[in-house]
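Encoded as structure tokens, the structure appears first; notes follow it.
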């Protein structure tokens with residue numbers, strides 16, 4: 001008697017088919033490669049610390065002071081503090097930093113002043129082409145949080 005092809009039994013394979021797993025891994029790899037650069041799209045900010053040590057710089061820093069009324073004062077190197085408006089400050093500091101790219105630029109805001117004044121100075125300095133700006137503070141006194 002002849003056996004028909006329908007009655008033929010196939011032997012079961014005991015191997016794992018890994019092709020679908022490889023496809024899933026490649027899709028996950030592509031997703032992570034696309035998503036990873038988006039995770040680093042933040043701005044680096046150096047926050048001040050309470051017990052920070054003072055900066056030791058070879059060159060005298062450029063200091064822009066903002067008083068409690070929002071008036072700006074500029075100190076270039078060893079010169080005296082002089083009152084200045086925002087446009088003149090942007091022009092002078094931009095030219096000074098282009099001439100000396102290693103010089104430190106610091107913003108000193110009055111403790112009782114508005115945050116808006118310091119923020120405007122930071123925006124003006126960015127437009128002037130200053131890449132790095134530091135914020136000045138007084139050393140912490142023996143009282144809690146520097147307040148009496």
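For the reader, a short list of remarks on this structure follows.
- Residue selected from region 74-85 under the condition surrounded by 13 or more Cβ atoms within 10 Å (Cβ to Cβ) and closer than 19 Å to residue 132 by Cα, by the criterion modelled with the lowest pLDDT: 76
- Any hit, region 133-145, residues being assigned to a helix (DSSP H, G or I) and modelled with pLDDT under 85: yes
- For region 122-132, a residue qualifies if it is assigned to a helix (DSSP H, G or I) and at positive phi, but none of them does.
- Total residues in region 87-121 satisfying the condition of being assigned to a helix (DSSP H, G or I), without any contact (Cβ under 8 Å) to a residue 40 or more places away in the chain and exposed (fewer than 15 other Cβ atoms within 10 Å of the Cβ): the figure is 8.
The values are calculated or read from the model by the stated rules, or taken from the named source; none is laboratory data. Everything numeric in this text was worked out from a predicted model, so none of it was measured. All Cβ positions, glycine included, derive from the backbone under ideal geometry; neighbour counts span all protein chains shown.
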